[in-house]
Amino acid sequence: MIHVLFVCLGNICRSPMAEAVFRNLTEQEGMKDQFRIDSAGTGRWHEGKPPHQDTRRMLDQHNVSYDGMTARQVNVADWDEFDYIIAMDRQNYSDLEALRSFDEGVVVAQFMDYVHDSDMEDVPDPYFTGNFEEVYELIEKGCENLLADIKEAYKL
Ligand code: 4NP
């Protein structure tokens, strides 16, 4: 079982979108049982809340389920539970780095590393930009490449 955690700031816009899209992709490829997929925020303002209404709207439009998903804050125990921790922007990455050293056998990466045809280094925060469509497109591309990388690494 491969454990993948997506991390953003609030855990209501970007990382739950990535969690839902990535889970959907593993289901489509018949690999659902080989993955545990989750998301968390570096902040805890929205703990217990479902994804943002516009994240839900984008997922609904694409027939991607977010059933039962609620926000939570990332914590140091996540390093022991997850094989991949994927930060949605550079600030999330440095906040994770401040929380716990990365040198513990976990792949900690930035989401935009998996979006090959873009110069952007961050998944823009739609909580502030309002552009959930742009974020969905980036997340779709990145999730496909992330899954391809994992399949190669684990020879799936
Ligand atoms: P997210 O967006 O990190 O993509 O979930 C945000 C959601 C809420 C807040 C900031 C970013 N907030 O400040 O409440």
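The values are calculated or read from the model by the stated rules, or taken from the named source; none is laboratory data. As the structure is a prediction and not an experimental result, all values here were calculated from the model. In this analysis, Cβ positions are derived from the backbone assuming ideal geometry, glycine residues included, and neighbour counts consider all displayed protein chains. In case anyone asks, the SASA skips ligands and DNA or RNA and just uses the protein heavy atoms, side chains included. Shrake-Rupley method; radii C 1.70, N 1.55, O 1.52, S 1.80 Å.
Tabulated results
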| item | result |
| --- | --- |
| Rough spin-label spacing in nm, given labels placed 7 Å along Cα→Cβ, for Glu134 and Ala148 | 2.4 nm |
| Calculated P(r) of the chain - Cα pairs past 22 Å, % | 34 percent |
| The range 1-63-the range 68-147 distance, computed between alpha-carbon centres (Å) | 11 Å |
| Computed lengthening from Ser94 to Val76, 0.36 nm per intervening residue step minus Cα-Cα distance | 5.1 nm |
| Inter-site label distance for Ser65 and Lys49 at 7 Å from Cα along Cβ, in nm | 2.5 nm |
| The range 2-153: relative contact order as a whole-number percent, Cα under 8 Å and 6+ apart | 28 percent |
| Extension reserve of the Gln28-Ser101 stretch, reckoned as 0.36 nm per residue once the Cα distance is removed | 22.8 nm |
| Candidates Asn63, Asn24, Asn92, ranked by Gaussian network fluctuation over the chain, Cα under 10 Å, top entry | Asn63 |
| J(HN,Hα) series, the range 124-129, from Karplus relation 6.51 cos²θ - 1.76 cosθ + 1.60, nearest Hz, glycine and proline x | x, 7, x, 4, 9, 8 |
| Average accessible surface area per residue within the range 1-68, 1.4 Å rolling probe, Å² | 46 Å² |
| Protein accessible area in the chain, 1.4 Å probe - carbon and sulfur % | 43 percent |
